[in-house]
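Here the structure is laid out as structure tokens; the discussion comes afterwards.
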Amino acid sequence: MFSPDEIDGFAHADSRRAEASGHPLMDYFLENATTDHFVPGATGRVAEITDAEFRQIKATYCGMIAEVDAQLGRVFDAITERGEWGDTLIVFTSDHAEMLGDHHALGKGGYFDQSQHIPLVIRDPRQGADGRKVTDFTEAVDIFPTLLEAMDVEALNQPDGRSLEPFLQDAAPPPRWRDAVHWEFDFREVASQFAESWFEARSTELNLSVIRTAKWKYVHFPTLPPLLFDLERDPENLVNLAEDPVHLRTRLEMAERLLRWRATHLDQTLALQELTSVGVVTAKP
């Protein structure tokens with residue numbers, strides 16, 4: 001459905017070596033990620049994929065997105081034919097995004113926006129915000145309280161997020177709306193302990209936390225070096241400013257903001273368990 005010639009370029013460093021030198025985590029990913037994890041029947045490493053091959057993968061992925069769109073159309077047509085379109089709340093989103101060749105990578109995870117910036121489309125027939133594009137920061141945790149409010153159901157436990165109903169009503173953001181987004185990512189290998197051996201670290205130390213504002217992105221690791229990016233000057237996250245003395249104050253401010261967020265939401269429930277083909281494997285803290 002789509003030609004590789006139609007695909008835009010990729011956001012990455014000039015070479016894979018330069019990309020890998022940007023941070024130990026990228027060196028780990030580019031050295032060890034294999035293509036068979038993403039492309040059935042493929043062999044070799046992701047780092048060896050050429051730009052031409054990345055363009056074909058991205059073109060194929062666009063075709064898969066078109067297939068999702070077509071099937072959603074069938075669902076919406078069926079709802080309309082039943083006369084229930086005006087009574088149906090629709091939320092379209094996903095659990096993660098896809099690197100698709102940016103930073104010489106495939107898949108999800110890590111600290112790049114390409115992997116974490118996901119679609120969120122909401123249609124509430126009772127509200128008047130049709131066609132509105134919201135540029136304020138939202139997080140996946142906002143969907144749960146939004147659905148509860150739409151159904152007039154009271155939460156049994158306090159949700160981590162906040163309802164997006166004011167946006168659906170075409171109103172201004174609620175007071176004290178967030179000016180940053182956060183995400184976390186684990187790269188531990190509980191069953192194989194491969195990553196643990198690679199980094200000479202415990203499973204609980206192989207994770208990252210991100211706080212991203214409109215201007216800054218700060219990435220914190222328990223044992224690996226931190227990252228700080230100026231998104232206005234470096235939207236593709238290629239220049240790490242964390243060790244630059246000029247930006248030390250900004251790094252500390254972002255780290256403190258992230259610490260406040262982690263202190264509010266930290267939870268290790270089930271964090272040291274992995275479901276494998278031989279059952280649940282549990283690692284020691």
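The values are calculated or read from the model by the stated rules, or taken from the named source; none is laboratory data. The model shown is predicted, which means the values in this text are computed figures rather than measured ones. Quick reminder, even Gly has a Cβ in these numbers, built from the backbone with ideal geometry, and neighbours come from all protein chains shown.
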### Breaking point among (1) in contact with a Lys or Arg (Cβ under 7 Å, 6 or more places away or on another chain); (2) within 30 Å of Leu148 (Cα to Cα); (3) in a helix (DSSP H, G or I), for Leu30
(2)
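Here is a yes/no grid of residues against (1) under 30 Å from Leu241 (Cα atoms); (2) without any contact (Cβ under 8 Å) to a residue 60 or more places away in the chain:
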| site | (1), (2) |
| --- | --- |
| Glu149 | no, yes |
| Gln158 | no, yes |
| Asp186 | yes, no |
| Glu200 | yes, yes |
| Asn207 | yes, yes |
| Thr213 | yes, yes |
| Val219 | yes, no |
#### Entry: Check on Gly41, part of a loop (DSSP other than H, G, I, E, B), free of Cβ contacts under 8 Å to residues at least 60 places away in the same chain and not charged (D, E, K, R)
yes
### Task
Check Gly107 against each of (1) surrounded by fewer than 18 Cβ atoms within 10 Å (Cβ to Cβ); (2) over 30 Å from Ser277 (Cα atoms) and name the one condition it does not meet.
(2)
### Task
Select from region 5-26 the residues that are buried (at least 16 other Cβ atoms within 10 Å of the Cβ) and either among the small types (Gly, Ala, Ser) or assigned to a helix (DSSP H, G or I) (or both) and list them in ascending order.
Ala11, Ala13, Arg16, Glu19, Ala20, Gly22, Leu25, Met26
### Task
Give, as residue ranges, the strands (runs of 3 or more DSSP E) completely inside region 103-216 that count at least 2 residues that are under 27 Å from Trp85 (Cα atoms).
120-123
### Query
Which residues, taken from region 19-47, are touching a Ser or Thr at 6+ places or on another chain (Cβ under 8 Å) and either assigned by TED's automatic domain parsing to the domain that holds Phe199 or not hydroxyl-bearing (Ser, Thr, Tyr) (or both)?
Asp27, Asp36, Ala42, Gly44, Arg45, Val46
### Task
Could you please let me know if Ala195 is modelled with pLDDT of 95 or more and either in the same structural domain as Asp230 (by TED's automatic domain parsing) or of a type outside the set (Phe, Trp, Tyr) (or both)?
yes
### Task
State the number of residues belonging to region 240-264 that are farther than 19 Å from Trp183 by Cα and exposed (fewer than 14 other Cβ atoms within 10 Å of the Cβ).
6
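Among the residues of region 85-102, which ones are assigned to a strand (DSSP E or B) and of a type in the set (S, T, N, Q)?
Going through region 85-102, the residues assigned to a strand (DSSP E or B) turn out to be 90-93.
Thr93, the sole residue that qualifies.
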### Query
Looking at (1) among the hydroxyl-bearing types (Ser, Thr, Tyr); (2) buried (at least 17 other Cβ atoms within 10 Å of the Cβ); (3) over 30 Å from Thr276 (Cβ atoms), which is the only condition Ser209 fails?
(3)
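Of the residues Asp234, Asp142, which is within 30 Å of Asn32 (Cβ to Cβ), outside the structural domain of Ser115 (by TED's automatic domain parsing) and surrounded by 13 or more Cβ atoms within 10 Å (Cβ to Cβ)?
Values: Asp142 fails: within 30 Å of Asn32 (Cβ to Cβ).
Going through Asp234, Asp142 in turn, just one is within 30 Å of Asn32 (Cβ to Cβ), outside the structural domain of Ser115 (by TED's automatic domain parsing) and surrounded by 13 or more Cβ atoms within 10 Å (Cβ to Cβ): Asp234.
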